[in-house]
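The values are calculated or read from the model by the stated rules, or taken from the named source; none is laboratory data. Quick caveat, the model's predicted, so the values are computed rather than measured. Cβ placement follows ideal geometry from the backbone for every residue including glycine, while neighbour counts extend to all protein chains displayed. Only protein heavy atoms, including side chains, enter the accessible area calculation; ligands, DNA and RNA are left aside. Shrake-Rupley method; radii C 1.70, N 1.55, O 1.52, S 1.80 Å.
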Amino acid sequence: MLDGTTPQAITLRDVARAAGVSTASASRALAGEGAVTTELRSRILAAATRLGYVPNVAARTLATGQSRLVGIVVRTLAEPLVANILTACERRLAASACGVLLTTTGGSQEENLRATHALLGRGAEALVFAEVGVSAELARAITARRVRWVSLAEHASVAGGPSVSVGRRQGAVLAARYLQSLGHRRFAVIAQSDDAADAVRQVLAAASLPVEVLDAGHDLDAAQAAIGGMLEQDEPPTAVICASDVHALAALRECAIRNVAVPQRLSLMGFGDAEFARRSYPALSTVRVAAAEVGVRVAQAVLASLKGDAFPASEVPVKLIARESTGPALA
């Protein structure tokens, strides 16, 4: 202020008065809790925005004993699909007045444990492990603090928390069946985990077709090198199912370096339908995942766990997108 005085902070009471409601209703609406109509919640949120109201999280934590903080442990944000899922998750949690603390670990068990302890030390009341395995040691550390957790994975690695599928198994099945329908008989899979590779094996076993698993993990250089080694075989696979669109892009680059025509000599299938998938050359065939819906489901699982409620499992919607990187097998 020009007169040297400090402006008075806007309080919850001010918001309630401006919206014409009780402080209890204003509190419930801003916290995303309780029986508040959509119209009333919108009016209260508009009043809070107009006044520039900022909740005092520290005071609320002291008063309620609840931090409303959710910690997210993720291997990396380099894969667009995972980043988009967590963005949707964060937005849904924010709408329910939950704050988010996110940390990347590279996937090592030691870093996962260190990051989890750090999040717990900062008062996280729930944790999300985004395609990060929950070891028995990690589960014990969380359970000792009576903190709930949710896994973004095909299945929970350790019993104790609900899991929300990314759809990798379903996507692998769709990709394998589609490529098989194009006449392909020699397959390879660039796998990040056993789930997708096992799903492809099961589909192809019915037709007695072999599949080569290129275990590159999350290392793109390793994935590209694996594709290069595969292409040097006397009879290399004619179709490759990749763990992500990023892996498919690495495979596409290796094919370009070796003058291997895609899809004439090798069909490539990605996963996730990242923005760049339709802009690459050739445009990537892939499996589209409803990332926003998955993210919301992760947030709903977190909110349910905070209330002590069960969260039902359900299928994740996935859709095969056929573009230019797949085609009929050479006769």
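Applying the criterion of at least 3 residues that are surrounded by 22 or more Cβ atoms within 10 Å (Cβ to Cβ) and of a type outside the set (D, E, K, R) to the strands (runs of 3 or more DSSP E) found wholly in the stretch 74-164 leaves 126-130, 148-152. When the criteria are applied in full, ARG201 meets the requirement of being out of contact with any Asp or Glu (no Cβ under 8 Å at 6 or more places or on another chain), among the charged types (D, E, K, R), farther than 26 Å from THR76 by Cβ and part of a helix (DSSP H, G or I).
SER67 - would you say it is in contact with a Gly (Cβ under 8 Å, 6 or more places away or on another chain), of a type in the set (Ser, Thr, Tyr), surrounded by 14 or more Cβ atoms within 10 Å (Cβ to Cβ) and at pLDDT below 85?
Values: in contact with a Gly (Cβ under 8 Å, 6 or more places away or on another chain): yes; of a type in the set (Ser, Thr, Tyr): yes; surrounded by 14 or more Cβ atoms within 10 Å (Cβ to Cβ): yes; at pLDDT below 85: yes.
So SER67 fits the description; yes.
Among the residues of the stretch 165-192, the ones that are open to solvent by less than 60 Å² (accessible area, probe 1.4 Å) and outside any helix (DSSP H, G or I) come to 12 in all. Screening the candidates ALA196, ALA222 for the property of being in contact (Cβ under 8 Å) with a residue 12 or more places away in the chain, assigned to a helix (DSSP H, G or I) and open to solvent by less than 50 Å² (accessible area, probe 1.4 Å) yields one hit, ALA196. Looking across the stretch 288-302, the residues that are touching a helix residue (DSSP H, G or I) at 6+ places or on another chain (Cβ under 8 Å), among the small types (Gly, Ala, Ser) and open to solvent by less than 40 Å² (accessible area, probe 1.4 Å) come down to ALA291, GLY295, ALA299. Applying the criterion of being among the charged types (D, E, K, R) and surrounded by fewer than 18 Cβ atoms within 10 Å (Cβ to Cβ) to the residues of the stretch 199-219, the residue that is modelled with the lowest pLDDT is ASP215.
Quick grid of which residues meet (1) on the phi > 0 side of the Ramachandran plot; (2) touching a residue at least 12 places away in the same chain (Cβ under 8 Å); (3) in a strand (DSSP E or B); (4) over 20 Å from the mean Cα position of the chain (by Cα):
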{"site": "GLU212", "(1), (2), (3), (4)": "no, yes, yes, yes"}
{"site": "ARG253", "(1), (2), (3), (4)": "no, yes, no, yes"}
{"site": "ASN259", "(1), (2), (3), (4)": "yes, no, no, yes"}
{"site": "ALA283", "(1), (2), (3), (4)": "no, yes, no, yes"}
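From the list MET269, MET230, the one residue that fits, being touching a helix residue (DSSP H, G or I) at 6+ places or on another chain (Cβ under 7 Å) and on the phi < 0 side of the Ramachandran plot, is MET269. Of all the residues in the stretch 308-319, those that are modelled with pLDDT of 90 or more and crowded, with 19+ Cβ neighbours inside 10 Å number 1.
Just one residue in the set SER305, SER285, SER325 is open to solvent by less than 30 Å² (accessible area, probe 1.4 Å), polar (S, T, N, Q) and over 29 Å from MET269 (Cα atoms); that residue is SER305.
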